[in-house]
Amino acid sequence: MSDVRQTICIDFDNVIHSYGGWDSGQGPGHITGTVIPGAKEAIAELRRDYKIIVLSARASSPAGARGIARWLKEHGIEVDHITAIKLPAIVYVDDRALRFEGDWADVLQWIREYTCVDDRALRSEGDWSRLLERERKHKTHREPR
C-alpha cells in the first residue's frame, strides 16, 4: 500500500540540528552538535499525519546523506526520507527561507536588510512549539480524510 500522507520538508542544519559549521577538513558527513529544543518531539508528532523529508545541502553527497541519517538515528529522530532535492511538499521548514507574498520590492528590501545571526539568537524552545500549535489549530478546521 502506498503512503498517501502529504509531505513536509524540513531543513537539517539550524532547524533540527544545532549547526556550528562544518568541521575543518571533515566534510559534510561529520556532524556534531545537538538537537534543536523541541525538534524531536515536533517531528514525531508531525510524522503521525505527514511524511517528513529532511531537505539539506549536506545530502548532496553520499557522505553527507549518510552523516545525516547516522546523526538522526543516534538522536532517536525518525524521518521518511533524506534528500538534497526540493521535492513537492505542503510546507518547507527552513531557517533561511523568505515567504514570497507576491511583492518583489518586499523581497529586495528584506534581502538588503538581512544579516545572518548566530543560531543561539535564532532559536528558542518556542520555535517548534509554535509550529505544532499552528498545526493543531489547522487540523480543527480541516476536512477529515
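The values are calculated or read from the model by the stated rules, or taken from the named source; none is laboratory data. In this text, all values refer to a predicted model and were calculated from it rather than measured experimentally. Ideal geometry is used to build each Cβ from the backbone, glycine not excepted, and the neighbour counts take in all protein chains shown.
Out of curiosity, is residue 12 out of contact with any Phe, Trp or Tyr (no Cβ under 6 Å at 6 or more places or on another chain) and without any contact (Cβ under 8 Å) to a residue 12 or more places away in the chain? No.
Of all residues in segment 69-81, exactly one satisfies the criterion of being among the β-branched types (Val, Ile, Thr) and under 16 Å from residue 6 (Cα atoms), namely 79.
Residues of segment 74-93 that are of a type outside the set (A, V, I, L, M, F, W, C) and surrounded by 11 or more Cβ atoms within 10 Å (Cβ to Cβ): 75, 78, 80, 81, 83, 92.
Among the residues of this structure, residue 31 counts as one that is touching a Gly at 6+ places or on another chain (Cβ under 9 Å) and either within 12 Å of residue 16 (Cα to Cα) or among the β-branched types (Val, Ile, Thr) (or both).
Please determine, by comparing only the residues of segment 33-48 that are part of a loop (DSSP other than H, G, I, E, B) and surrounded by 13 or more Cβ atoms within 10 Å (Cβ to Cβ), which one is modelled with the lowest pLDDT. Among those residues, the one meeting the criterion is 33. Evaluate segment 60-75: report whether one residue or more is at pLDDT 95 or above, polar (S, T, N, Q) and either under 14 Å from residue 11 (Cβ atoms) or assigned to a helix (DSSP H, G or I) (or both). No. Quick check: is even one residue across segment 94-107 at pLDDT 95 or above, surrounded by 13 or more Cβ atoms within 10 Å (Cβ to Cβ), part of a loop (DSSP other than H, G, I, E, B) and not hydroxyl-bearing (Ser, Thr, Tyr)? Within segment 94-107, not a single residue is at pLDDT 95 or above, surrounded by 13 or more Cβ atoms within 10 Å (Cβ to Cβ), part of a loop (DSSP other than H, G, I, E, B) and not hydroxyl-bearing (Ser, Thr, Tyr).
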